[in-house]
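> Starting off with a structure, shown below.
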Amino acid sequence: MAHQQSGQLRHSTFRFVKALFWLLMALIVAFIACEIQGWTFLREPAEKLLTKQLEREVKLDAPFKLHLWAGMQLDLGHLYISAPAVFKVPHLVDAENISIKLRYKDLWHFKQTSSLRIREIKVEEIDAQLIRHADGVATWQFPKDDNAPDSPLPVIETLIVKNGNSRIDDVISQARLQAKFKTEEGSSQEELRSEVSINGQFQGKPLKAFLETPGFLPIATQDADAPPIKSKGWLEYAKLRVDFNGQISDLFGRQDIVGNAVVTGPSLSVLGDLTGSVFPTTDSFRISAALSKHADIWDVNVDSAKIGKSTLSATLQYDPRRQSGQVPLLSGKIDGSRFFLADLAPAFGTLQSDGTPAQPTEGRAIPNRPLDLPSLNFMDADITIKMDYMNLGNAFALPVAPFKAKLSLNQGKLSISDILANTADGKLTGSLIIDAHEPQDSNAKRYPPQWQIKLGWKDIELGKWLQVSKERQEAAKKQGKEASPYITGTLNGRTELSGKGNTTAELLGSLNGNTTLFIEQGEISRLVMELLGLDIAQSVSAWLGGDKSQRLQCAVMDLKASNGIIKPEVALIDTPVTLVLINGNIDLGQEKLDLLLAAKPKNFSPLTVRSPIKVQGSFVEPKVRPEAAPIAARLLGSVALAFVNPLAAILPYLDTGSKSNSYNCSQALHGYTPKPVKSEPDKTIPSTQPSPAPAIPGH
C-alpha cells in the first residue's frame with residue numbers, strides 16, 4: 001500500500017514537472033516569438049499608460065519594436081507628445097525614427113536613486129517646442145509629486161541626432177530663439193562631431209550663436225571626472241561679438257569651462273545685458289580674456305581691454321551664487337596702463353546703452369538719458385582700482401599718475417572710496433557714493449538714487465598741471481622761448497556735494513553743498529587779467545609781446561550749491577594790477593547763466609572799459625554784454641561788500657597745504673570793509689553829514 005502511494009506521488013510530481021517544463025518552454029517560445037515580433041501588441045497599452053501618467057496625449061506610431069533580451073531596446077517610427085492646451089503650439093516633441101537602449105542594471109539604479117542612465121539614443125529627426133509663459137507655466141512641465149525630490153537630468157552615453165530643431169520662447173528670460181543641432185558620434189574620438197546653431201532674439205535684441213564640439217555626450221556625462229572636450233564657437237548679440245576657443249566638460253553637471261575669449265562691442269553695458277551683470281555704458285571696446293569656470297565660480301583674467309582710448313587689464317572672480325544681498329558677487333582688481341577720463345562720459349549719459357550718441361533735449365546741453373542705476377541692485381562688487389596713468393583731457397598738461405581707489409557695491413549702494421591720485425606735485429583724495437538701493441517690499445516707497453561727492457585737492461602746481469594752448473606754444477617757439485603758463489601757484493581746496501536723480505540733468509539740478517578752492521604763491525598772465533578788465537590798450541600790448549606775469553596776491557572761490565543753483569559766496573582774483581570779483585548764479589537745473597564779472601584795474605589806461613560784464617542766457621546760447629558804465633563803481637562796491645563776511649568766515653578753515661602765504665586774502669577787500677559808526681552824544685538828533693561812500697581803489 002505504501003509502495004503504491006509512493007508511486008502515485010512520483011507520478012504526480014513527474015506530471016507537475018512535465019507541465020511546468022512545457023509551460024516554461026511555452027513561455028520561452030512565446031518570449032522568443034514576441035522578441036521576434038518586437039512586442040508590437042504593447043504599443044497601444046504603453047501609449048495609454050504614458051498618456052495617463054503625463055496627462056498629455058502621447059502617440060507611439062509604428063513601426064513599434066521592443067526588445068528585452070540583454071537589456072531594453074525600443075525602436076519607434078514616430079513619437080508625439082502634445083503640449084498643454086493653453087499653448088498654441090502643435091506639440092512638445094515630434095520625432096521620427098527613434099531608437100533607445102537601456103541596461104537593466106541602470107533601470108535598477110534609477111529605481112534606487114532616481115538617476116537615469118541611458119545607453120544610447122538615436123533620432124533621425126526631432127522638433128521640440130519649449131515655451132514658457134510669464135506665470136512660469138511651461139510646455140515641458142509634467143505632473144509630479146510636490147513632496148518628491150527633483151530628479152537630475154538623465155545621463156546619455158551615446159547620442160546620434162541627424163536633424164534637430166527646437167523653438168525656445170521664454171517670456172521670463174525674454175528669449176525667442178530657433179535652435180538647430182546635429183551630432184554624428186562614431187565609435188572613435190576622431191569621428192565625433194556635433195554642432196548647434198541659434199538664431200533669434202534675447203531681451204528684445206537680435207542674437208546668433210554657433211558651437212562646435214567633437215561630440216555632445218562627452219560634455220554631458222554628468223561625471224565630475226569626465227575629461228574636458230575641445231569646443232569652439234561664436235556669439236553675436238546687438239552688435240556684440242564673442243569668440244570662444246577652449247574646453248568644456250560636465251555640461252549638465254558643474255558646467256566646467258576653460259578657454260580664451262575675445263569680446264568686441266559698442267558698449268560694455270551690452271555685455272552686461274547678455275550676462276546679467278552690471279557694466280557701465282562706455283565707448284566701443286575690445287577685450288581679450290582667459291576664462292575658467294569651476295563649481296559655479298568664474299575666474300576671468302583680462303590680459304588686454306581696449307575701451308575707447310583707455311587700455312586696461314583685470315583679474316576678476318564672479319560668483320553667481322546668492323550672497324547675503326541675494327545677488328551675485330564680482331570681486332578682484334582692475335589695472336590700467338592708460339586711462340582717459342573722457343571715456344567715463346558715456347556712463348553719465350552722453351551715449352545710449354548700444355553705443356549710439358544720446359541727443360540732449362532741444363535747447364539743452366546736459367545729457368538727460370536715464371542712467372541704468374536700478375541695475376546696481378542686481379550684483380554686489382568688491383574691486384580694487386589702480387591706474388598707472390589717467391589722462392584728464394586736453395586742458396591739462398600732466399596726467400594723474402597713479403590713481404588708486406576702492407570700488408564696492410552692496411545692495412544697490414555704489415561706493416568709490418579711498419581715492420588717492422597724484423598729479424603736478426599734489427594729490428587728490430575723496431569718495432563718490434551712489435545709493436540706488438531699492439526696497440525688497442514692492443509696496444514700500446521708492447526714492448530716487450542719492451549721490452554724494454567728497455573730494456579734496458592739495459598742493460597741485462598749476463604751472464605744471466594746466467596746458468598752454470597750441471597757439472601760445474607756437475608763438476613762443478618762433479621767438480625761441482618756452483611758452484609761459486597762464487597761471488601758476490599751488491591749488492588747494494575741497495568739495496562736498498549731494499544730489500539725487502536718475503539722469504545727469506536731474507543730479508546737477510538737485511545739487512546741494514559747497515566747493516572751495518584757492519591759489520597761493522602764484523602768478524597769472526597779465527594778458528588774462530587785462531582781458532578780464534577789458535583794458536584794450538594793454539591787452540594789445542600783451543599780444544604784441546609785453547605779456548608779463550603778475551603776482552597773484554589772492555585767488556579764492558567759495559561756491560554754494562542749493563537745489564542746483566550755484567552761487568559764489570566768495571569769488572575773487574587779486575593782483576597788483578587788477579581786482580576781479582564774480583557774482584551771480586548758475587542754474588544747472590534750468591541751464592541758465594546770470595553772472596556779473598566786475599574787474600577793477602588798479603593802474604590808469606585811457607582805454608580801460610570800466611563797465612562790469614554780464615554773462616546771461618542759456619548754456620547753449622550764452623549772451624555777454626557790458627553793464628552800464630555809470631553804475632560800475634556801485635556794482636563793484638556792492639559785490640565786494642557782499643564778499644567781506646563770507647571770506648572772513650572761510651579763511652580760518654582753508655587748508656593751505658604745505659605752503660604758506662604771507663598775503664592774507666582779506667586784504668583784497670580791505671578798502672570795502674564798512675567802518676564802525678562812532679557814537680553820538682544825542683542819538684535823537686539825526687546827523688546832517690552823509691555817510692562816506694565805500695572807498696574804491698583807483699577812484
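> Could you please let me know if residue 566 is at pLDDT 85 or above and under 28 Å from residue 364 (Cα atoms)? Full working, then the answer.
Details: at pLDDT 85 or above: yes; under 28 Å from residue 364 (Cα atoms): yes.
Answer is yes for this residue.
> Output the residues belonging to the range 623-681 that are open to solvent by 90 Å² or more (accessible area, probe 1.4 Å), at pLDDT 70 or above and part of a helix (DSSP H, G or I).
Selection gives 645, 652, 667, 670.
> Okay, next question. For the range 262-273, give me each residue that is part of a helix (DSSP H, G or I) and either open to solvent by less than 40 Å² (accessible area, probe 1.4 Å) or in contact with a helix residue (DSSP H, G or I) (Cβ under 6 Å, 6 or more places away or on another chain) (or both).
Within the range 262-273, the subset part of a helix (DSSP H, G or I) is 268-273.
Listed by number, the residues that qualify are 268, 269, 270, 271, 272.
Per-residue answers, yes or no, for (1) touching an Asp or Glu at 6+ places or on another chain (Cβ under 8 Å); (2) among the basic types (Lys, Arg); (3) assigned to a helix (DSSP H, G or I); (4) open to solvent by less than 50 Å² (accessible area, probe 1.4 Å):
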residue: 29; (1), (2), (3), (4): no, no, yes, no
residue: 41; (1), (2), (3), (4): no, no, yes, no
residue: 52; (1), (2), (3), (4): no, yes, yes, no
residue: 70; (1), (2), (3), (4): no, no, no, no
residue: 78; (1), (2), (3), (4): yes, no, no, yes
residue: 87; (1), (2), (3), (4): no, no, no, yes
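> Sticking with this structure for a sec: Just to be sure I understand the filter: pairs with C-beta atoms under 8 Å, separated by 6 or more residues or on different chains, first member in the range 31-52 and in contact (Cβ under 8 Å) with a residue 24 or more places away in the chain, second member open to solvent by 90 Å² or more (accessible area, probe 1.4 Å) and part of a loop (DSSP other than H, G, I, E, B). Which pairs pass?
35/69
> I'd like the residue in the range 226-261 that is assigned to a loop (DSSP other than H, G, I, E, B), open to solvent by less than 60 Å² (accessible area, probe 1.4 Å) and among the aliphatic types (A, V, I, L, M) and, out of all such residues, is modelled with the lowest pLDDT. Walk me through how you get there before you give the answer.
Looking only at the range 226-261, we keep the residues that are assigned to a loop (DSSP other than H, G, I, E, B), and these are 226-228, 238-239, 250-255.
Keeping just the survivors that are open to solvent by less than 60 Å² (accessible area, probe 1.4 Å) gives 226, 238, 250, 253.
Now narrow it down to the ones that are among the aliphatic types (A, V, I, L, M): 226, 238.
Values: 226: 64, 238: 89.
In this case the residue turns out to be 226.
> Spot the failing condition for residue 506; the list is (1) at pLDDT 90 or above; (2) open to solvent by 60 Å² or more (accessible area, probe 1.4 Å); (3) within 23 Å of residue 644 (Cβ to Cβ), and only one is missed.
That leaves (3) as the condition not met.
> Among the residues of the range 309-320, is there at least one that is within 19 Å of residue 227 (Cα to Cα) and at pLDDT 85 or above? Please lay out each step first, then the result.
Quick first cut of the range 309-320, residues within 19 Å of residue 227 (Cα to Cα) only: none.
Within the range 309-320 (the criterion being within 19 Å of residue 227 (Cα to Cα) and at pLDDT 85 or above), the answer is no, since none of the residues qualifies.
Matching residues to (1) at pLDDT 85 or above; (2) basic (Lys, Arg); (3) crowded, with 17+ Cβ neighbours inside 10 Å:
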position	(1), (2), (3)
153	no, no, no
163	yes, no, no
170	yes, no, no
178	yes, no, no
185	no, no, yes
196	yes, no, yes
199	yes, no, no
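> With 296, 223 as the choices, which residue is in contact with a Pro (Cβ under 7 Å, 6 or more places away or on another chain), over 22 Å from residue 179 (Cβ atoms) and either buried (at least 21 other Cβ atoms within 10 Å of the Cβ) or modelled with pLDDT under 95 (or both)? First the steps, then the outcome.
Numbers: 223 fails: in contact with a Pro (Cβ under 7 Å, 6 or more places away or on another chain).
Answer to the check: 296.
> How many of the residues in the range 348-358 are closer than 17 Å to residue 393 by Cα and either touching a residue at least 60 places away in the same chain (Cβ under 8 Å) or in a helix (DSSP H, G or I) (or both)? Before you say what the answer is, go through the steps one by one.
Step one: filter the range 348-358 for residues closer than 17 Å to residue 393 by Cα, giving 348, 350.
Next cut, either touching a residue at least 60 places away in the same chain (Cβ under 8 Å) or in a helix (DSSP H, G or I) (or both) only: 348.
Here the count works out to 1.
> Further question: Take the residues of the range 403-459 that are small (Gly, Ala, Ser), more than 21 Å from the chain's Cα centre (by Cα) and outside any loop (DSSP other than H, G, I, E, B): which is nearest to residue 381 (Cα to Cα)?
Start the filter on the range 403-459 by keeping residues that are small (Gly, Ala, Ser), which leaves 405, 408, 412, 415, 417, 421, 424, 426, 430-431, 436, 442, 444, 456.
Next, only the ones that are more than 21 Å from the chain's Cα centre (by Cα) stay: 421, 424, 426, 430, 442, 444, 456.
Then drop every residue that is not outside any loop (DSSP other than H, G, I, E, B), which leaves 421, 426, 430, 456.
Details: 421: 22, 426: 30, 430: 19, 456: 25 Å.
Step by step, filter the range 403-459, then rank; the result is 430.
> Residue pairs, Cβ under 6 Å, 6 or more apart or interchain, first in the range 101-127 and within 12 Å of residue 159 (Cα to Cα), second charged (D, E, K, R) and open to solvent by 90 Å² or more (accessible area, probe 1.4 Å). List them.
101/119; 124/162
> Quick check on my filter: what residues within the range 107-137 are in contact with a Leu (Cβ under 7 Å, 6 or more places away or on another chain), not in a strand (DSSP E or B) and not aromatic (Phe, Trp, Tyr)?
Residue satisfying the conditions is 119 alone.
> Please state which one of 380, 388 is farther than 21 Å from residue 266 by Cα, open to solvent by 70 Å² or more (accessible area, probe 1.4 Å), among the acidic types (Asp, Glu) and touching a residue at least 40 places away in the same chain (Cβ under 8 Å). Even if it seems obvious, please write down each step before you answer.
Values: 380 fails: open to solvent by 70 Å² or more (accessible area, probe 1.4 Å).
Exactly one of 380, 388 is farther than 21 Å from residue 266 by Cα, open to solvent by 70 Å² or more (accessible area, probe 1.4 Å), among the acidic types (Asp, Glu) and touching a residue at least 40 places away in the same chain (Cβ under 8 Å), namely 388.
> Can you find a residue that is open to solvent by 30 Å² or more (accessible area, probe 1.4 Å) and in contact (Cβ under 8 Å) with a residue 40 or more places away in the chain anywhere in the range 408-430?
The answer is yes; a qualifying residue exists.
> For the range 345-374, give me each residue that is small (Gly, Ala, Ser), farther than 16 Å from residue 501 by Cβ and open to solvent by less than 30 Å² (accessible area, probe 1.4 Å).
Pass one, the range 345-374, residues small (Gly, Ala, Ser): 345, 347, 349, 353, 355, 358, 363, 365.
The next check asks that each one be farther than 16 Å from residue 501 by Cβ; those that pass are 345, 353, 355, 363, 365.
Answer for the range 345-374, where residues must be small (Gly, Ala, Ser), farther than 16 Å from residue 501 by Cβ and open to solvent by less than 30 Å² (accessible area, probe 1.4 Å): just 355.
> OK, next. Return yes or no: is residue 248 touching a helix residue (DSSP H, G or I) at 6+ places or on another chain (Cβ under 9 Å) and either touching a residue at least 12 places away in the same chain (Cβ under 8 Å) or among the charged types (D, E, K, R) (or both)?
Working: touching a helix residue (DSSP H, G or I) at 6+ places or on another chain (Cβ under 9 Å): yes; either touching a residue at least 12 places away in the same chain (Cβ under 8 Å) or among the charged types (D, E, K, R) (or both): yes.
Yes, satisfied.
> Considering the range 438-470 alone, what residues qualify as being modelled with pLDDT of 75 or more and small (Gly, Ala, Ser)?
Those that are modelled with pLDDT of 75 or more and small (Gly, Ala, Ser): 456, 463.
> Right, something else. Hey, any hits in the range 471-488 for a residue that's in contact with a Ser or Thr (Cβ under 6 Å, 6 or more places away or on another chain) and at pLDDT 85 or above? Spell out how you get there, then give the answer.
Filtering the range 471-488 for residues in contact with a Ser or Thr (Cβ under 6 Å, 6 or more places away or on another chain) gives 486.
Next, from what is left, pick out any that are at pLDDT 85 or above: none.
Looking for residues that are in contact with a Ser or Thr (Cβ under 6 Å, 6 or more places away or on another chain) and at pLDDT 85 or above, one finds none in the range 471-488, hence no.
> In the range 577-601, what residues are over 46 Å from the mean Cα position of the chain (by Cα) and among the β-branched types (Val, Ile, Thr)? Don't jump to the end; show me each part of the working.
From the range 577-601, those over 46 Å from the mean Cα position of the chain (by Cα) are 577-579, 599-601; that's our starting set.
Within the range 577-601, 577, 578 qualify.
> I need the full set of residues from the range 420-470 which are in contact with a Leu (Cβ under 7 Å, 6 or more places away or on another chain), aliphatic (A, V, I, L, M) and within 21 Å of residue 402 (Cα to Cα), in order please.
Listed by number, the residues that qualify are 421, 424, 428, 453, 455, 460, 462.
> Here's another thing I want to ask about it. Give me the residue from the range 92-140 that is within 20 Å of residue 165 (Cα to Cα) and of a type in the set (Lys, Arg) and, out of that set, least open to solvent (accessible area, probe 1.4 Å).
Going residue by residue through the range 92-140, those that are within 20 Å of residue 165 (Cα to Cα) are 92-100, 120-132, 138-140.
Subsequent filtering for residues that are of a type in the set (Lys, Arg) retains 122, 132.
On the way: 122: 82, 132: 64 Å².
Only one residue tops the list, namely 132.
The values are calculated or read from the model by the stated rules, or taken from the named source; none is laboratory data. Just so it is clear, the structure is predicted and the values come from calculations on it, not from any experiment. Using ideal geometry, Cβ is built from the backbone for each residue, glycine included, and neighbour counts are taken over all protein chains shown. To get the accessible areas, we keep the full protein, side chains included, count just its heavy atoms, and leave off ligands, DNA and RNA. Shrake-Rupley method; radii C 1.70, N 1.55, O 1.52, S 1.80 Å.
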